[in-house]
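J.: This is the structure I want to talk about, given as structure tokens.
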Amino acid sequence: MNIRNSLITLTVCSLFLAGCGGGSGSDNDSLLSDPTDQLIVASDFGTDFGTGTDTDTDTDTDTDTDTDTDTDTDSDSDSDSDSAERAGFVDPALATQAQYRVTLKNYWGVDEFPQAFPDGAHLSLIGGATHNMAVSFWDAGEVASSGIEDVAEAGLIDQLLFDEVAPAIANGTADSMIEIREFTNASINGVAGELSFDIDMNLDWPLVSMITMLGPSPDWFVGVSGLSLLDDNGWAATLSVDLPLYDAGTKSDITPVMGGPDIIPANPIAFVAYDDATGVYLPTNTPQIVAQLSFERMDLN
């Protein structure tokens, strides 16, 4: 502002001196004929000196623009995160529910068990449940329930499912039935018979129990009891379990045929194994693997 005032004053003084020093020459007349031609207007200086101010303003504006750009970028990132959250993605291992593809492999075959191996050999229908620790449907060293006995002796699963699993579901200790009404073929030429099926699991009932009869046989079966599908990271991605042969303790025959004398009272469930020397199946303390169950988590997200 001081510079502008000084320049205006200087200009006015110059014009005044020019007029006083004058004479009447045409040049001087020309100077005075249109004083605005020589007069430096304050607004002109304002425009010139204002350029710096305007430039600063533009700079601030640019700075604001950059800030806005950064804000927009952050907003976009937040929006992406919000979208991911809205999509509801959950690590399958940490979900409250899980689905598994279960594969049963039957290694029982004439190549491995040659003497008196029966025609039509198979693993029977599969019965069981998903449940929690408050209930057990069978275990080695325990006497078989009526439902387990029915599976082991005849390959029938209805009594196990409807007389034992269904009440457990009703009282909240089990979540669902495992009901597979198909056979699993015997091993042929060293190739295991296979059967696959799906089961649904819930975090409140993370255990699996199921059995299937070795057929034909007096009361022999394979299965799992209270197998957890959880590991240290949540739902296991995969799990394989070798299945030894069990004797339900309700029949006394030693060859793979249906029936045989009843054992009263029944013996506890225990291992039984094929004896290579005699070709019969005898009690043992050493488990003999005749099948396998594998579980593969099906990630649906």
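J.: Based on what the data block shows, is residue 237 hydrophobic (A, V, I, L, M, F, W, C), farther than 21 Å from residue 147 by Cβ and under 26 Å from the mean Cα position of the chain (by Cα)?
T.: Details: hydrophobic (A, V, I, L, M, F, W, C): yes; farther than 21 Å from residue 147 by Cβ: yes; under 26 Å from the mean Cα position of the chain (by Cα): yes.
It is true that residue 237 is hydrophobic (A, V, I, L, M, F, W, C), farther than 21 Å from residue 147 by Cβ and under 26 Å from the mean Cα position of the chain (by Cα).
J.: Here's another thing I want to ask about it. What are the residues in region 162-176 that are surrounded by fewer than 20 Cβ atoms within 10 Å (Cβ to Cβ) and among the hydrophobic types (A, V, I, L, M, F, W, C), if any?
T.: Once the filter is applied, which keeps residues that are surrounded by fewer than 20 Cβ atoms within 10 Å (Cβ to Cβ) and among the hydrophobic types (A, V, I, L, M, F, W, C), region 162-176 yields 162, 166, 169, 170.
J.: Mind counting the residues in region 218-231 that are under 18 Å from residue 113 (Cα atoms) and without any contact (Cβ under 8 Å) to a residue 60 or more places away in the chain?
T.: Number of matching residues: 0.
J.: Quick check on region 177-197: of everything there that is open to solvent by 10 Å² or more (accessible area, probe 1.4 Å) and β-branched (Val, Ile, Thr), which residue is nearest to residue 133 (Cα to Cα)?
T.: Only one residue tops the list, namely 180.
J.: Of everything in region 239-264, what is out of contact with any Gly (no Cβ under 9 Å at 6 or more places or on another chain), over 30 Å from residue 100 (Cα atoms) and open to solvent by 50 Å² or more (accessible area, probe 1.4 Å)? Give them in sequence order.
T.: Residues satisfying the conditions are 257, 261, 262, 264.
J.: Return a yes/no flag: does region 189-210 have any residue that is in contact (Cβ under 8 Å) with a residue 24 or more places away in the chain, touching a helix residue (DSSP H, G or I) at 6+ places or on another chain (Cβ under 6 Å) and aliphatic (A, V, I, L, M).
T.: Pass one, region 189-210, residues in contact (Cβ under 8 Å) with a residue 24 or more places away in the chain: 189-190, 192-210.
With the extra rule that they be touching a helix residue (DSSP H, G or I) at 6+ places or on another chain (Cβ under 6 Å), the set shrinks to none.
No, every residue in region 189-210 fails to be in contact (Cβ under 8 Å) with a residue 24 or more places away in the chain, touching a helix residue (DSSP H, G or I) at 6+ places or on another chain (Cβ under 6 Å) and aliphatic (A, V, I, L, M).
J.: Could you check, for region 198-221, whether at least one of its residues is in a strand (DSSP E or B), of a type in the set (Phe, Trp, Tyr), farther than 24 Å from residue 269 by Cβ and open to solvent by less than 50 Å² (accessible area, probe 1.4 Å)?
T.: From region 198-221, those in a strand (DSSP E or B) are 198-202, 205, 207-215, 220-221; that's our starting set.
With the extra rule that they be of a type in the set (Phe, Trp, Tyr), the set shrinks to 205, 220-221.
Applying the additional criterion that residues be farther than 24 Å from residue 269 by Cβ yields none.
There is no residue in region 198-221 that is in a strand (DSSP E or B), of a type in the set (Phe, Trp, Tyr), farther than 24 Å from residue 269 by Cβ and open to solvent by less than 50 Å² (accessible area, probe 1.4 Å).
J.: Still on this model: Taking into account only those residues within region 242-282 that are under 44 Å from the mean Cα position of the chain (by Cα) and among the hydroxyl-bearing types (Ser, Thr, Tyr), which is farthest from residue 220 (Cα to Cα)?
T.: Looking at the filtered set, the residue picked out is 274.
J.: Among the residues of region 277-301 satisfying the criterion of being in contact (Cβ under 8 Å) with a residue 24 or more places away in the chain, part of a loop (DSSP other than H, G, I, E, B) and open to solvent by 80 Å² or more (accessible area, probe 1.4 Å), which is nearest to residue 186 (Cα to Cα)?
T.: So the residue we want is 299.
J.: I'd like the residue in region 104-148 that is of a type in the set (Val, Ile, Thr), open to solvent by less than 20 Å² (accessible area, probe 1.4 Å) and assigned to a strand (DSSP E or B) and, out of all such residues, is nearest to residue 192 (Cα to Cα).
T.: 126
J.: What residue, among those in region 159-188 that are in contact (Cβ under 8 Å) with a residue 12 or more places away in the chain and assigned to a helix (DSSP H, G or I), is nearest to the chain's Cα centre (by Cα)?
T.: Per the criteria, the residue is 169.
J.: Filter region 222-234 for residues that are surrounded by fewer than 16 Cβ atoms within 10 Å (Cβ to Cβ) and assigned to a loop (DSSP other than H, G, I, E, B); which is farthest from the chain's Cα centre (by Cα)?
T.: Looking at the filtered set, the residue picked out is 232.
The values are calculated or read from the model by the stated rules, or taken from the named source; none is laboratory data. These numbers come from a predicted model, not from an experiment. Using ideal geometry, Cβ is built from the backbone for each residue, glycine included, and neighbour counts are taken over all protein chains shown. Accessible surface areas use protein heavy atoms only, side chains included; no ligands, DNA or RNA. Shrake-Rupley method; radii C 1.70, N 1.55, O 1.52, S 1.80 Å.
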